[in-house]
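First the structure, in the form of structure tokens, and then the observations on it.
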Amino acid sequence: MLFLLRSELYKITGYTAFRILITGYIVTLCSAAYIGDSFVQEFTKQSNPGNTLPVLSISEYWNALLWLGKFFHLYLGIVIIMLISNEWETRTMRQQIMSGLTEGQIILCKLFNASIFLIIPVILIMFLGLILGEGLGNMTGSEVTNRFVHFYLNGMGVLAFSAMLAFWMKKATPAILFLLGYYFIIESIFGIIIENYLPGYSILLPCKAFSALADFEPDQEVLLGINNLLLLTVVYIIVFWYSSFFRLRKYDV
């Protein structure tokens, strides 16, 4: 199994488009963090001339960067759609099954890819917080860990949904358009309709649940507590990956 995952890693890093997209992701996230930091520094200097105290602590930077980073999960979702769709079009997935791989092993490889994609922003945000932040802040170690875990699960939910679209639609363009349309339009419409009849229940929608988990505050008033939000997110992730597995298992590749 370790050899299989290593081979999968070599395969995706061999794609020129993948290297370009991931490099673009890192540059864009770092640039957004730097621009945001410069704006905060300049605004603080103008508001409090002569103030020499640290502007933001590490923990405050992490909160801001994690909030910013969750919007880039869609970018990673597009990357995983392109990788899976490319395997559909080049018949690589069919060849893997003919060579002896099971459908479960293929899904495991895509889950491995998603995990690798999400480790990149986690490590990047940790280092950006350490570089840009001043002072340790007032967050405990467990609070910091929980923030990053929730951020990771938020991303895994988006990537699991994106992978499911790629497995079912096969083509990158319609899958990407549906992903963006659902995230920005369709779920918003569903949310408005649900809120009109059942106030507070729109949080049960997948993307809203993922986002609420990443942004959860202890004093926040929501329908679900943090444990239920966590459970709901995990259930959605399992359902999305199982749907991808079902697509491979029941339909001709």
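The values are calculated or read from the model by the stated rules, or taken from the named source; none is laboratory data. Predicted, not measured: the structure shown is a model, and the values here were computed from it. All Cβ positions, even for glycine, are placed from backbone atoms using ideal geometry, and neighbour counts span all protein chains on display.
Residue-by-condition table, conditions (1) β-branched (Val, Ile, Thr); (2) at pLDDT 80 or above:
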{"position": "Tyr25", "(1), (2)": "no, yes"}
{"position": "Ser31", "(1), (2)": "no, yes"}
{"position": "Phe43", "(1), (2)": "no, no"}
{"position": "Pro49", "(1), (2)": "no, no"}
{"position": "Ile58", "(1), (2)": "yes, no"}
{"position": "Leu66", "(1), (2)": "no, yes"}
{"position": "Lys70", "(1), (2)": "no, yes"}
{"position": "Gly77", "(1), (2)": "no, yes"}
{"position": "Glu87", "(1), (2)": "no, yes"}
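Output the qualifying pairs, or none if there are none: Cβ atoms under 7 angstrom, residues six or more apart or on different chains, first residue in the stretch 98-117 and under 17 Å from Trp88 (Cα atoms) and touching a residue at least 24 places away in the same chain (Cβ under 8 Å), second residue crowded, with 18+ Cβ neighbours inside 10 Å and charged (D, E, K, R).
Cys109/Glu8; Asn113/Glu8
Filter the stretch 154-168 for residues that are surrounded by 20 or more Cβ atoms within 10 Å (Cβ to Cβ), out of contact with any Pro (no Cβ under 9 Å at 6 or more places or on another chain) and either more than 13 Å from Gly77 (Cα to Cα) or of a type in the set (Phe, Trp, Tyr) (or both) and give the result.
Scanning the stretch 154-168 gives a single hit, Phe167.
Within the bounds of the stretch 130-143, is there any residue that is in a helix (DSSP H, G or I), touching a residue at least 12 places away in the same chain (Cβ under 8 Å) and under 13 Å from the mean Cα position of the chain (by Cα)?
Taking every residue of the stretch 130-143 in turn, none turns out to be in a helix (DSSP H, G or I), touching a residue at least 12 places away in the same chain (Cβ under 8 Å) and under 13 Å from the mean Cα position of the chain (by Cα).
Looking only at the stretch 195-222, how many residues end up being at pLDDT 85 or above and among the β-branched types (Val, Ile, Thr)?
1
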